[in-house]
Amino acid sequence: MLRQISHFWLRHIHPRLAPLIATTGIVGLISCLLILFVLANLAEEVLEREAFAFDTTFLLWLHQFANPSLDNLMLFITNIGNPRTVVTVAAVTVLLLWWRRYREEAKVFVLACLGAFILNTELKLFFSKPRPELWHQLISEKSFSFPSGHALGSMVLYGFIAYLLAIHYPKLSRVIYSLVVTLIAAIGISRLYLGVHWPTDIIAGYGVGFLWLMTCITMLKLQRLRQLK
């Protein structure tokens, strides 16, 4: 029995997974599987309309630090993830990639951005989770809450840009990734500070965004491998 399973794996499954493992790595695959597990559990609870106790507790704890200076800072940070800013950054990035003749990168980048928009829109409509209303908010949001579009969009947009920059400037890759991770985290925190999202919304947004980002990066890597053959 074990010999048959081993033979089946080596003959049919391994040849198909080998390129995927080579491009994402074992750690990347395990990370994606763990994120999928967390997202599945969150989605199940949201669909069953179960409340997460720490959602309210964390938001109320965070709100105690609110002050005018932090208000202005968080409003500025959250604007970096707003649709108008995101569309502008995405458009400029595509134009620069096309101008520098990085055509494959530009195409996959466009796919990544469109995919993130579709995922965010459809998931919000599917789960239809209301936003928190725990205090008077500085901004008004009319769409549903789960998952966070700012978290999902910033993960895909700025994460993909960081990946492209790190490829072309490998010596600065650590600095690039550190800055972008800080930016993405700050955008998520700003949404919590402003009280327009639950913590689970941010977690789900990051999770979905990361999975989609990894999918697009893997597609780009596989495309490059095919061109080298």
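The values are calculated or read from the model by the stated rules, or taken from the named source; none is laboratory data. Please read all numbers here as calculations on a predicted model, not as lab measurements. Every residue, glycine as well, gets a Cβ built from its backbone with ideal geometry; the counts of neighbours run over all protein chains shown. The area values use the complete protein model at the heavy-atom level, side chains included, leaving out ligands, DNA and RNA. Shrake-Rupley method; radii C 1.70, N 1.55, O 1.52, S 1.80 Å.
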(message) For the list (1) at pLDDT below 90; (2) part of a helix (DSSP H, G or I); (3) open to solvent by 90 Å² or more (accessible area, probe 1.4 Å); (4) over 20 Å from residue 152 (Cβ atoms), I need the number of the one condition that residue 56 fails.
(response) (3)
(request) Report yes if some residue within the stretch 149-169 is free of Cβ contacts under 8 Å to residues at least 60 places away in the same chain, over 22 Å from residue 107 (Cα atoms) and out of contact with any helix residue (DSSP H, G or I) (no Cβ under 9 Å at 6 or more places or on another chain); otherwise report no. (result) no
(request) Report, ordered by the first and then the second residue, all pairs with beta carbons closer than 8 Å, sequence separation of six or more or different chains, a first member in the stretch 89-115 that is farther than 17 Å from residue 149 by Cα and polar (S, T, N, Q), and a second member that is open to solvent by 20 Å² or more (accessible area, probe 1.4 Å) and modelled with pLDDT of 95 or more. (result) 93/161
(request) Can you work out which of the residues in the stretch 96-141 that are under 19 Å from the mean Cα position of the chain (by Cα) and among the acidic types (Asp, Glu) is surrounded by the fewest Cβ atoms within 10 Å (Cβ to Cβ)? (result) 122
(request) Select, from 46, 108, 94, the only residue that is of a type outside the set (D, E, K, R), over 22 Å from residue 185 (Cβ atoms), part of a helix (DSSP H, G or I) and in contact with a Lys or Arg (Cβ under 6 Å, 6 or more places away or on another chain). (result) 46
(request) Could you please let me know if residue 186 is open to solvent by 10 Å² or more (accessible area, probe 1.4 Å), aliphatic (A, V, I, L, M), out of contact with any Asp or Glu (no Cβ under 8 Å at 6 or more places or on another chain) and in a helix (DSSP H, G or I)? (result) yes
(message) Going through 77, 30, 35, 21 one at a time, which residue ends up being among the aliphatic types (A, V, I, L, M) and at pLDDT below 60?
(response) 21
(message) Looking at the stretch 136-147, I want the residues that are under 7 Å from residue 124 (Cα atoms) and have a partner that is hydrophobic (A, V, I, L, M, F, W, C) and at pLDDT below 85 with Cβ atoms under 7 Å, at least 6 apart or on another chain. Which pairs are those?
(response) 146/46
(message) For the list (1) outside any loop (DSSP other than H, G, I, E, B); (2) aromatic (Phe, Trp, Tyr); (3) surrounded by 18 or more Cβ atoms within 10 Å (Cβ to Cβ), I need the number of the one condition that residue 144 fails.
(response) (1)
(message) Tell me yes or no: at least one residue of the stretch 86-109 is within 27 Å of residue 136 (Cα to Cα), of a type outside the set (Gly, Ala, Ser) and at pLDDT 90 or above.
(response) yes
